[in-house]
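The structure under discussion appears below in the form of structure tokens.
What follows is calculated from the coordinates using simple rules that are stated; it is not laboratory data. Just so it is clear, the model here is predicted, and its values are computed rather than measured. For neighbour counting, all protein chains shown are included, and Cβ atoms are generated from backbone atoms with ideal geometry for every residue, glycine included.
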Amino acid sequence: MDWTEELDNWAAEYLPDLELRREEPMSRHTSFRIGGPARRMAFPKSGEQVVLLTDFARRCDARPLVIGNGTNLLAPDEGLDRLVIDASAGLNRLEPGPGPRCVTAQAGAPLARLADFAQKRGLAGLAFAHGIPGTVGGAVCMNAGAYGGEMAQVIRSVTLLDPAEGVKTLTGEQMDFGYRRSALTEHPDWIVLSAVFALEDGDPAQIRAEMDALMARRRASQPLELPSAGSTFKRPEGYFAGTLIDQCGLKGLRVGGAQVSEKHAGFVVNRGGATCADVTALIAQVQAQVLEKTGVRLEPEVRIVR
């Protein structure tokens, strides 16, 4: 029996209220607007459903992939022969606590909404995250950051699902955060369920002003008007990827519908009709030319899923 039949039958019996879509286009669930159909896509409403769903999916070899807003993903044109679990629709609750100056956020909560939630309560520390388009789960996984701030500075603890040990909670220190990495980098099968953020007292008006100023900087310098996955490459030590790409004369370089942004060379954008093949070919060209001309090897920040 094909894994999709096993999953359909199991879900109908054990999770009858679970929304489960067949052949769902990944292009609807990634900020690149690229990707063929996932054979099954589930939309759980609780952490318990995620635990049950991923456990069964692994047993029937459905290779579960948990996503949020898909802002750092590039999905293949031919689609995914696996179960995609979208946490953004039903796992996005925010609440104060536990303890003073803390906020608990589920994995699918957008960072922008989390920053707004904290700001309205006079809690500072998340202004940098307001313009990052991802969700809490993805931000924790990659230690997302911008303008001098990053998740490592504000995470008190993370509750996650470890297939070997079940649900457990790690402290911020145990998360082993580094530049665009965390403990989940070494354990890609771990799934973030929620995180607790430890913040500081602040003036709501001043926090809002900082958020607005950073958002204005982002709009002025980044190609937010076109589909992309944000910064395409990680920052090489001692350099800036966008500056190196620009210095190599690669702004505007195009493969099919994919283009190195003319506004910010650190972004590859979808000019219309771009495919995964277009983007990966363009990334490879940029890497090769930057390496040849500068000796610097660029490492993609965008996650290419298979």
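Below, the figures for the structure above:
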| read-out | value |
| --- | --- |
| Bridge type composition, the stretch 3-86 - antiparallel percent by DSSP, nearest 5 | 45 percent |
| Sequence of VAL158, VAL296, VAL290 once ranked by neighbouring C-beta atoms within 10 Å, starting from the fewest | VAL296, VAL290, VAL158 |
| Summed side-chain charge close to SER194 - residues other than SER194 whose Cβ falls under 15 Å, Lys, Arg +1, Asp, Glu -1 | +2 |
| Spatial separation of Cα centroids for the stretch 170-203 and the stretch 83-98, in angstrom | 16 Å |
| Dipole of the chain, positive end: most advanced residue of GLY68, ILE283, VAL196 [Cβ charges, Cα centre] | ILE283 |
| Centre separation in Å (Cα based) which lies between the stretch 1-56 and the stretch 238-301 | 33 Å |
| Square roots of five times the Cα gyration tensor eigenvalues for the stretch 3-86, Å | 21, 13, 10 |
| Prolate/oblate/rounded label for the chain (Cα gyration tensor, a/c 1.5) | oblate |
| Per residue, the convex hull volume that the Cα atoms of the stretch 161-306 enclose (Å³) | 165 Å³ |
| Residue (of PRO25, ALA42, LEU15) at the positive-pole extreme of the stretch 1-95, dipole from beta-carbon charges | PRO25 |
| Spacing of the two label points (7 Å from each Cα toward its C-beta) at ARG28 and GLU200, in nm | 4.4 nm |
| Long-range amide H partners of PHE233 with built H, under 5 Å | GLU301 |
| Residue order, fewest to most surrounding Cβ atoms within 10 angstrom, among MET26, MET211 | MET211, MET26 |
| Qualifying GluC sites (Glu not before Pro) in the stretch 169-203, DSSP loop, other Cβ atoms within 10 Å at most 13 | GLU173 |
| Two-decimal Rg/Rh across the stretch 224-304, once Rg and the Kirkwood Rh are taken from alpha-carbon atoms | 0.93 |
| Pairs beyond 23 Å (Cα-Cα), from LYS251/LYS293; LYS45/LYS120; LYS234/LYS263 | LYS45/LYS120 |
| √(5λ) per eigenvalue of the Cα gyration tensor, the stretch 88-203, largest first, Å | 21, 15, 13 |
| Cβ charges +1 (Lys, Arg) and -1 (Asp, Glu), total dipole of the chain, debye | 940 debye |
| Trypsin sites (Lys or Arg not before Pro) within the stretch 1-110, DSSP loop, no more than 15 other Cβ atoms inside 10 Å | LYS45, ARG93 |
